[in-house]
Structures are given as structure tokens and as C-alpha cells.
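Single-structure report; data block below.
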Amino acid sequence: MIPNRYPFIESATNNVFEKLNIELIEMEGASCCPAPGVFRGFDIDTWLVIGARNITIAEELGLDIALMCNGCYGSLLEVNHTLKHDKEKRRIVNEHLAKIGREFKGSINVRHVVDILYHDVGVDKIQQRSKYGRKTPLNLKLGLHYGCHLTKPSEIRPWNQESEKPTFFDELVEVSGCKSIDYKDKFLCCGAGGGVRGAFKEVSLDYTREKLENMKAAGIDVIITACPFCHLQLDLGQVEVNKIFKDKISGPFNIPVMYFTQLLGLAFGMEPEELGLIRSPDLTGIPPFIPLKPVLKKIGVKV
Amino acid sequence: MENIKTSRITKINDDLSDLLRDAGYLEASSCIQCGTCSGGCPSGRRTAFKTRTLMKKVQLGLTEEVLSDKELWFCSTCYKCLERCPRGVPVTDVIIYLRNLAVQRGYIQGPHHALCKMFYKTGHGVPINEEKWSKLREHYKLKGIPPTTHKFPEANKEVQSLLKSTRFDELTKVGDYDLKDEEGGE
Amino acid sequence: MADITEEIKVNGRETPKIGVYICWCGINIGGVVDVPKLCEYTETLPNVTFAKEYKFMCSDIGQGMIMEDIMEGKINRIVVASCSPRMHEQTFRRACREAGLNQFLFEQANIREHCTWVTMEDVPGATKIAKDHIRMAIAKAGKLKPLKVNKVPVEPSTLVVGAGIAGINAALDLANSGYKVYLVEKAPTVGGHMAQLDKTFPTMDCSSCITTPKMSEIARNPNIELLAYSTVESLTGYVGNFQARIRQKPHYIDQELCTGCGTCAENCPIDCANEFDLGMKPRKACYVAFPQAVPGQYTIDMKHCVRCGICEEVCPTKAIRYDDKTKYLDIKIGTIILATGYDPYDATRMKQYGYGIYPNVVTALQMERLLSSFGPTGGKVKDHQT
């Protein structure tokens, strides 16, 4: 979803990582992870095989995989873990991969960029790069949306089994000097996953409506995401909620959405245009669907 | 009260339990119907999908009813039930496996079917299907075509041959109708 | 139980000569496994002198078989593969004894309750399990040594650890049967969790109404020595003859002089967490758990006391003793009952409920305190934090 619909997530993350001296190398020939919500629900074996193929691309490069999407993270982390520990499944998967001359070796790790930034770089180092901080805050009230697959199932994730009330994402994002606001049912699913947005869009939008109502009640200025699908659901989905649930809600929602590296980029002093916070004037029907300009103007960011 | 479904259970059969056990989900039979899963389920509070009821039906072996029901697809795989289950039942994984069984029997939602076709054709669920997406990439100083199966046709072929190898194409009948581009607003 | 025949001298180090008797038990065993085939298999095992089979080993004839073989000197160990030892271990032991073999050189293999009765349809499976049981019993029989039955005097007193409802009832039952009971309780007062409850299920009895009479009974019963605010420090001895050392914690208030008037608590300046009300209402450092407590004397919680001296001044019977010390009591008991009850689960660990984060999230036990007439809100269910 990122390369094909939200390229500014890709470029913002690249920029942030560059400033932190981490090199991100592109994998060539990768396919859909495959999306855990849909394809894993159709055939688990196919999901394992295609996931393993993507992992072999990284294995050939001898590098860990860094992911910007919770869905990809959920898929590849679990595929990697399953195939590293289940000999029988690994044998079957390698039988399929052998037909295209590949082999899953189990030699690399799968990481989410939040994991890399939090554990490998550390909040303190990132805080040092940030032009803003506790003394000079960017006065935004943030509504963090962790997303489900970032923290669950917690057993194989690097967050100390914490899935009910984690704080690592808040800590990471607060280097920008903004405050992460607690809101009702903060860890509610956005609704997009599990194939629900694909097959029952209105059902998925009802999840989003509930989340937006809670965020609005808490006075949140900006929603922060770590997954493009959540991002889409809360961004484009917000426009759709305003339309479909017009009679159910008190008024249209107007809370813009930022992917967290866009916020970090802003904190590092980069321009909002290059971070994808301002919609390109030449194209239509592209994100961001809920405009960020008014919020940025409010905190005095030059646009 | 007319719309309540009733099922005559004359014999509890173990087919579903056996299938789940063979697939490695032995703990599904440990469910004590406490309802913690339904309590946290974000889908259940707005749809007819009740996680606890589903697990009971699985225990009772109501295979056809479980697999043919549209409600099985209302779960957004948020994993809250799996995390909170006091008996350690991997609820979400069981639901995903049941979906596999449903697809094997031909029960798949229309838009999902279209996604399978897209996946088979392009290697992606959400491909670059309009010029504006390429232009958007270039606007952010990225190459118009990303280095995925879009750029490398051999990679695309690799994916397709794998999908044939696992018989995904047969399972989801991707050859069924003409591929119409499904925008879906994405 | 008198030995009829003089016992054959067996020292446990000679080569075991095991006689195995496999019982059909009618069709209970014989209807599932092939008993003659089992005999054939058994005779291939080490140290087995022979394997015989019979329809009902527990019968006179069956027992007779065993006794005859013992008296003829053929065997010095017996294994009977039949029903559960709970059924007939005594029967076969008596047969051994009467034939002159030490009764503890007998071992029973359960191939009925633990085998054929639970694998009736799976004949190969049942046969395999039966063989396993027999093989195990034979291996054990080879290691059995003759034992003497001894008579040991038992100290006719009991230590009951924990004076919650279970400990209280146990103590009363024993005391009323004429035995001496030492009832040890780590809290200053008895009653445990039951005293915290409002109503009990299913009779909807007022919990205090049924507990407090028992609490006062144990205080008055001449056979019960109530050691409150005490713990078991150490234990030595063996079944029937234990020696225990009880550590009696200092109350810092003379329990003989204290009348439970509460003047000290009224004037105590220190507020601390109230364990009885699960933290919902403070208590003083000088306290008694609840008004109807037994014992009703007060205690000073030295962890929080600042020794300001106020209670010492105001106590009408001059019962305050800041210099109180731990005392130790050594007792002899024959039996011990552990009735230490449970601790409530730490609800902060179930993060989805936000216990301790959001207001008005309470545990069931806290709810009981809220409902209780002598609870922190006087029995009204309302926000205890306001």
C-alpha cells in the first residue's frame, strides 16, 4: 500500500532514517507481503510461501527487513517465526520455493521501523536530533493509533508482552515536543483489517466513526499512525464516514492524519511539502484527504 | 423473534474439532465460554458476529453453519480475543483457519475474490492501476514504478508460479471472470 | 491382625522369586485382554518364577492359590494383576501374612480400573497397557523389602494454621471432640476473608451473622488456645509427633489490660491503608480490624507508628507498651491442618479493566466491603473515593 498509494510515507521515512544515519536498502522484486487480513484468511499455506519468498529476497541481501506497515509486519514476522521453528512447515514451503530456485534459510529478522527507532536508535538519540522538545514544544495534541498488528499477538513481538497499555510509541513520538493525549478506547482497531474494509466497507467505517468520536471528545488535533492501512482508514475513511454517517454524527470530523515519520521529519526541521503533509496541487483524488494545512498553520509551521 | 436461527443438534460431531486439532489448534476445545473474547471484540459490538457463539458452534461441530455464515468475515483480526483468552485459545488464528475451510468450500466474498485475481495478475492486493499514483511517487522524488513485482516481470512470474504451485489459483478460481479494476476508493 | 503363621525370614537382599497371579475378574479384565497370553508374556520377564491365572483371585480359592504357593516355598514376592489396590490390597496382604510372608512383599497391578475399564474397545491398546502395568509391578516387587507394622503414640493435639472460616470450623470440630487445638492466625483478629463478605451464597446469610458466633466460640472454648497475631516459625518432628515454634508478634499493647475502648485510635495522628477494607478507607496506626473483631484488643502497627506518645497518654488502663517484644512459644502437636486460605488476585495485572487507573473499577472483594454494613461506605454502593 505504501509504494502504490502513500509514497510520502516511504519518502518521509527514508528522510528520517537518513538523518539518523541508518541506510535503508530497497528490496527488489517484492510482492504483496501477502496481506494478513485477506490472503492469510484464504489459504494459510500460500501465505507462508509468498511471505517466505519475500523473506528470501532479504536473506540474499543478508539484511534484516525494515517494515513501515503493521500488516506487512504482522505477516512477515509471523511467517519468519513459524518457519524458523516449525520444521515440517519449513520443509513444505521450501519444496514450493525450490521450483523457482529459492530457499528459506531463516537467517534474517523482521523489524518494524518503530521497533528499530525505539530499540536500536533510542528515544534519547532521536530527541537530540529534534529541534523541538519539552522546552520548545510543537503545540499539537496527538491522538496515537498504534494499530493492532504492531503489538499483537504479543508473544513474538519485542514489546515485553505488553499489548493492553503500551507506551513505547507515545515515547517515540513525543520527541517532537507534542503531547500524546489519552482518549477513550485508545487501542480500538481502525476496522480496515481482516478483509473487513474490502468486503464490508460500512462495517469498517463504523469502527472508524467510533474512534473519531472518541478522539474528537478528547480534543485531539492530529492522529498519528504507524501503518498505511490504518492511515488510509482514518484519512480517506474520515471523508467516507462524514458522508455515510452524516445523520448519525454531530458534525463532520476534521482531524488530519500523519504517519509518525512525517511528524518526526517535522520535528527534525524538514519542510512540510517534502514530507507529504501538503497535497500536491497537480493531482486529484490523492492523499492527504483531510487537509493538514490548517493544523500546521495553527502551530506556526510555515507552509 | 422470528429471525433467530435455531439448529437441531441431534448428534455432536467432532469433524471440526478433529480438523482443528490436526491443524494444530488443539486448544480450541478448552473454551469455557467465559465471554472475555466477545467482551473485547470491536466487531461484535456493531455486527452480529459473536466470538463466543462461534467457538461454541465449533465445539458442537456445526461445520456447515459456521463455514457458510457471512459473519465469519466480520472479524477484523485485531487479536484482542487471542490476547485476553484466559484459557489460551488462539481465537483469531482459529477464525483465520475456519476462513480457509470456508474458502475451500467455495464461500468467499465477492470483493475478496476480486482481490485474489488482482494478486494473481500483479502480485499485489493494491496495485498501481492509474497514472496518478506513479505521478504521485515522482512528486516525492521516488521512481514512478516501485522496485516490486511491478518493475520486475520475472518476480511477477515467480509469484504466479508459486500461486500455481500451492494451487491458490484453483482454490480461489482466479480464472473465473474478467478482471475489472476494483478501485474501492483506494 | 495377629500373625497366624511364623513369618518366613526374608531380608530383602535375596534373589526375588516373584509369583504373578493374573485375574480375569470375570469378563471385566478377561473380556477385553487375552489373559493366558498375558501369562505367557509375564513368564518371560526377569525374576518371575511363574504366572498363573484365575477367574476371581479375590475369592477363597484365589487366595488359597497364593497361600499354598508361599507355604511350599516356591516364591518370596507376590504380584497380583487385577483390580485397583483400593479394592483388594488388604485382602491379598492378609493372605500373604497368613501364609507366613511379610505382607509388604506384595504388589498389586491395576489392570482393571486403569486399563480394561477405560479402553474396552481397543484390545491391542488395552493389552499393551496391561503388559506395562504388570512389568512395572514386577520391577517394583523385586525391590520390596519386608516392613514391620509399628505402633506409635500420637500427640492428641492439633495445630490449625489460619483462623479463617475453615480453620475456625476445624478447630471447633476437634475441640468439641475433646482434642486440644492450637489455632494460629497471622492477623491480629480471626475471621479471614469471610468476615469481609457481606452475604454468602446460596442462602444469602449475612456473613458476619454466621461467622461472629463461631469467632466468639473459639475464644471461649477451653480446648482451643487461640494464638492471634502469630506465625509458625519452625517445625520439626514427624507424623504424630511434631514440635512447632510459634512466633508471637508484639502488639505493643498489653492484651490483658486493653479493654478495646478505642481511645488510642481516636487520638492517633497516623493514617494508613486499611487491609480489611482493601485500601478503600484509612485506619489508624493504632487499630482493630473491625468493631466485632475477636480478639477485640487493639494493636499498634509499628511499621507506621511514629511513637508520638499520644496513645500512651490517653489510654485509660495504661496498656500501651512501646517496648513490647516478639515472644516464642514451643508446642507439641500430633497433627497439623493448614487452613491458610487465599489471597485476592492483583487486579492491576488485568490491564484491560484499568484497575487503579480509572475510578470506580473495584474487585469483587472490594464490592463486598462496599455492601457491608460496617464497610467504608456504610453499606451504600457509591464512589468510595469521593
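Proximity of backbone amide H atoms, modeled 1.01 Å from N, is registered between C:TYR21 and C:LYS52, C:VAL79, C:VAL80, C:ALA81 at under 5 Å, excluding neighbours fewer than 5 places apart on the same chain.
Legend: translational diffusion of the protein assembly as shown by Stokes-Einstein, Rh = Kirkwood radius over C-alpha pairs, 20 °C, 1.002 mPa s; D = 63 µm²/s.
Taking amide H atoms as placed 1.01 Å from N in the peptide plane, the amide H of A:ILE224 lies under 5 Å from those of A:GLY143, A:LEU144, A:HIS145, A:MET258, each 5 or more residues away in sequence or on another chain. What is the percent of Cα-Cα separations in the stretch A:143-188 that go past 16 Å? Pairs farther apart than 16 Å: 38 percent. Mean partner shielding of peptide A:10-21, defined as the number of other chain Cβ atoms within 10 Å of each residue Cβ, is 1. Highest mean packing comes first when the peptides A:111-121, C:114-124 are listed by Cβ atoms within 10 Å, giving A:111-121, C:114-124. Under the membrane-span-like helix rule (DSSP H runs whose alpha carbons stretch at least 18 Å along the helix axis, mean Kyte-Doolittle hydropathy -0.5 or higher), chain C yields C:123-141, C:207-220.
In Å, what Kirkwood hydrodynamic radius results for the stretch C:194-274 from the alpha-carbon pair distances? Display every interim value, and only then the final one.
Working: mean 1/r = 0.0597 Å⁻¹.
By the Kirkwood definition, the hydrodynamic radius is 16.8 Å.
First compute the accessible area of the protein assembly as shown with a 1.4 Å probe, then give the percent of it belonging to carbon and sulfur atoms.
52 percent
The ratio of the alpha-carbon radius of gyration of the stretch B:60-185 to the globular-protein estimate 2.2 N^0.38 Å is 1.32. Only bridges with both residues in chain C count here: give the DSSP antiparallel percent, nearest 5. Approximately 40 percent, going by the DSSP bridge assignments.
Take each residue in A:143-149, count the other chain C-beta atoms within 10 Å of its C-beta, and the mean is 2. By the rule of a C-alpha distance below 30 Å, with chain neighbours fewer than 8 residues away ignored, the lysines paired with C:LYS199 are C:LYS186, C:LYS214, C:LYS281, C:LYS284, C:LYS351, C:LYS380, C:LYS382. When the surface is traced with a 1.4 Å probe over the full set of protein chains, A:GLU18 keeps roughly 130 Å² accessible.
I need the shape label for the stretch A:113-298. Rule: rounded when a/c is under 1.5, else prolate if a/b > b/c, else oblate, with a, b, c from the alpha carbon gyration tensor.
Verdict is oblate for the stretch A:113-298.
Using θ = phi - 60° in the Karplus curve 6.51 cos²θ - 1.76 cosθ + 1.60, the 3J(HN,Hα) couplings for the stretch B:27-43 round to 5, 4, 6, 7, 4, 9, 6, 6, x, 4, 4, 4, x, x, 5, x, 6 Hz; x is entered for Gly and Pro.
Only protein heavy atoms count here; under a 1.4 Å probe, C:THR259 has an accessible surface of about 100 Å². Accessible surface computed residue by residue for chain B, with neighbouring protein chains in place and a 1.4 Å probe, gives 50 Å² per residue. Let me make sure I get this right: for the stretch B:110-171, a, b and c are the square roots of the gyration tensor eigenvalues over alpha carbons, sorted descending. Under 1.5 in a/c it's rounded, otherwise prolate if a/b > b/c, else oblate. Which is it? In terms of gyration-tensor shape, oblate. What's the center-to-center distance, using Cα atoms, between the stretch C:290-336 and the stretch A:95-169 in Å? If you average the Cα positions of each part, the centres end up 55 Å apart. At the residue level, C:ASP323 shows approximately 110 square angstrom of accessible surface with a 1.4 angstrom probe and all protein chains present. Each of A:VAL257, A:TYR118, A:PHE187 was placed along the dipole of the stretch A:113-298 (beta-carbon charges, centred on the mean Cα), and the one lying farthest toward the positive end is A:VAL257. Enter the angle in degrees (range 0 to 90, nearest 10) between the Cα long axis of helix B:91-104 and the first principal axis of the Cα atoms of chain B, meaning the one along which they spread out most. That helix lies at roughly 70 degrees to the long axis.
Quick one: Kirkwood hydrodynamic radius for the stretch A:31-108, alpha-carbon pairs, angstrom, one decimal? Could you put the intermediate results ahead of the total?
On the way: mean 1/r = 0.0816 Å⁻¹.
Answer for the stretch A:31-108: a Kirkwood hydrodynamic radius of 12.3 Å.
Under 5 Å from the amide H of A:LYS131 lie the amide H atoms of A:PHE268, A:GLY269, each residue being 5 or more positions distant or on a separate chain, with H modelled from the backbone and absent for Pro and chain starts.
The average projected area of the stretch B:15-104, computed from the convex hull of its Cα atoms over all directions, is 5.0 nm².
Apply the a/c threshold of 1.5 to the C-alpha gyration tensor of chain C and tell me whether it is rounded, prolate or oblate. Taking the square roots of the gyration eigenvalues as a ≥ b ≥ c, chain C is prolate. Here, the stretch C:177-217 yields an orientationally averaged convex hull projection of 3.9 nm² when only Cα atoms define the hull.
The values are calculated or read from the model by the stated rules, or taken from the named source; none is laboratory data. Source: prediction; values computed, not measured. Note that each Cβ is placed from the backbone with ideal geometry, even for glycine, and that neighbours are counted across all protein chains shown. SASA here: full protein model, heavy atoms, side chains in, ligands and nucleic acids out. Shrake-Rupley method; radii C 1.70, N 1.55, O 1.52, S 1.80 Å.
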